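The values are calculated or read from the model by the stated rules, or taken from the named source; none is laboratory data. Keep in mind that this is a model prediction, so the values were computed, not measured. Virtual Cβ from ideal backbone geometry, glycine too; neighbours counted across all protein chains shown. Side chains are part of the model used for accessible areas, which takes the heavy atoms of the whole protein and leaves out ligands, DNA and RNA. Shrake-Rupley method; radii C 1.70, N 1.55, O 1.52, S 1.80 Å.
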Amino acid sequence: MRGDLVTEQTDNGFTQDQIACLMSALTKLDLTAPSGGKAPAEHVYGTPLEDLCKEEIAKYKLHPLDIWDRLEHWTARNEIATGLDQFLLRHLGFFNVEPASRGYMIRLRLPACQMRGDQMQAVAEIADTYGPGHAHVTTRGNLQVREIAPKDVLKVMDALTEAGLSCQGSGADSARNLTTSPTAGFDPVELINLAPHTRRLSNLILNKRDLRALPRKFNISFDNGGSISALSDSNDIAFQAVKVGNDAPVDPGIYCRIGLGGISGHRDLTRETGMVCTPDQTVMAGFAMLMVFVEHADRTNRKRARLKYVLDAKGLEWFIEATQAKLAEIDAGFQLDATKPNPRSAAPSR
């Protein structure tokens, strides 16, 4: 009874007013806090903040994609980024390389290592106007221009945009320029032209926030199975076109063999997984494997943060199982297929 108002009792013994009072109190409780009243510790993919290396702390405090307003300030002041700021800026393609050379070095992103003639002319104009008048070719099939003044950074980015070019995701903890066979598309003996798949995966990476601040740099390559190799065995992920015959547990046809964990600096080549996917499946397969890397790589020690060390710690079989689970989670619509090790690759006759 409340005043002269009598409320009806419910089946559980509480009145409607009592239930409303209890519900109001429950909404004010922090039910996420563990016993003892302490809030759960902050972490990045399971690693507590206090255990992160300094670069991971920097990315946690300011995602590289959120640095653009600082870039506006630096450009207006003709100020070059230093320290962890310049580390973050490398994710956008600008490198403070002083004292080796003055100003910034810009590294382009040319997925599949291809560009048009007019784009080459645009890079030449950028090098003449803002740089030293020349560019360098990189080991991953793109171009670099040095000696760019801090005040010209946004002008260079605008010129690249006008030409349909980009320098995004070409440095620091990025999936670097995705390569393919240098003769892709015109090699008469290639099994398939994988350049379109290379560009698609590159675009996915650039437009997925989780993949713009990886635990460490990451290399991906597509080999068309033609006359000139893409040296994909030296990459973290290698998609190698192969022809599978009638004696395999998959339908005959052209597939991409998957190799993992190559690092040229360690003189390590990719590990044969015994798994294949179709060329059209390489984009989502690559995405799934990148996400497994994001979720499980070491964020405390940058010297042991590459994919190789995930494979060393957890095993190749574990990584494949985690990839299959991730493919199901993202509703990719397929699973990687197992085939006998080293399925025979045979280029068609000329």
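Numbers below:
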| quantity | calculated |
| --- | --- |
| Residues of region 64-89 with amide N under 17 Å of a point placed 7 Å along Cα→Cβ from residue 54 | 81-89 |
| Shape category assigned to region 192-350 from the gyration tensor of Cα positions, a/c cut at 1.5 | prolate |
| Rounded FRET efficiency, nearest 0.05, which uses the C-beta distance separating residue 189 from residue 217 and R0 of 45 Å | 0.90 |
| Full-extension gain in nm, residue 330 to residue 100, via 0.36 nm per residue minus C-alpha separation | 78.4 nm |
| Where labels lie 7 Å past Cα in the beta-carbon direction, separation of residue 63 and residue 251 in nm | 3.9 |
| Cα gyration tensor shape of the chain, rounded if a/c is under 1.5, else prolate or oblate by comparing a/b with b/c | oblate |
| Percent carbon-and-sulfur accessible area, region 219-319, ignoring ligands, DNA and RNA, probe 1.4 Å | 46 |
| Shape of region 213-256, Cα gyration tensor, a/c cut at 1.5 | oblate |
| Å² of accessible area per residue within region 148-220, as computed with a 1.4 Å probe and no ligands counted | 35 |
| Candidates per trypsin sites (Lys or Arg not before Pro) in region 59-162, loop by DSSP, up to 16 other Cβ within 10 Å | 102, 116 |
| Relative packing of peptides 284-296, 178-190 - highest average C-beta neighbours within 10 Å first | 284-296, 178-190 |
| Using θ = phi - 60° and Karplus 6.51 cos²θ - 1.76 cosθ + 1.60, couplings along region 249-257 (whole Hz; Gly, Pro as x) | x, 10, 4, x, x, 8, 10, 10, 6 |
| Two-site label geometry, residue 266 and residue 124: point separation in nm, points 7 Å out along Cα→Cβ | 4.2 |
| For the chain, calculated [θ]222 nm from helices alone, where every DSSP H run of n ≥ 4 adds -39500 (n - 2.57) | -9500 deg cm²/dmol |
| Calculated from backbone phi, Karplus (6.51, -1.76, 1.60) coupling profile of region 327-338 in Hz, x at Gly/Pro | 4, 5, 4, 8, 6, 5, x, 7, 10, 5, 9, 8 |
| Inter-site label distance for residue 302 and residue 70 at 7 Å from Cα along Cβ, in nm | 1.4 |
| Alpha carbon centroid spacing (whole Å) that separates region 148-219 from region 223-237 | 17 |
| Residue 114-residue 313 FRET efficiency (beta carbon distance; Förster radius 51 Å; 0.05 resolution) | 0.90 |
| Heavy atoms of residue 53 accessible to a 1.4 Å probe, total area in Å² rounded to 10 | 20 |
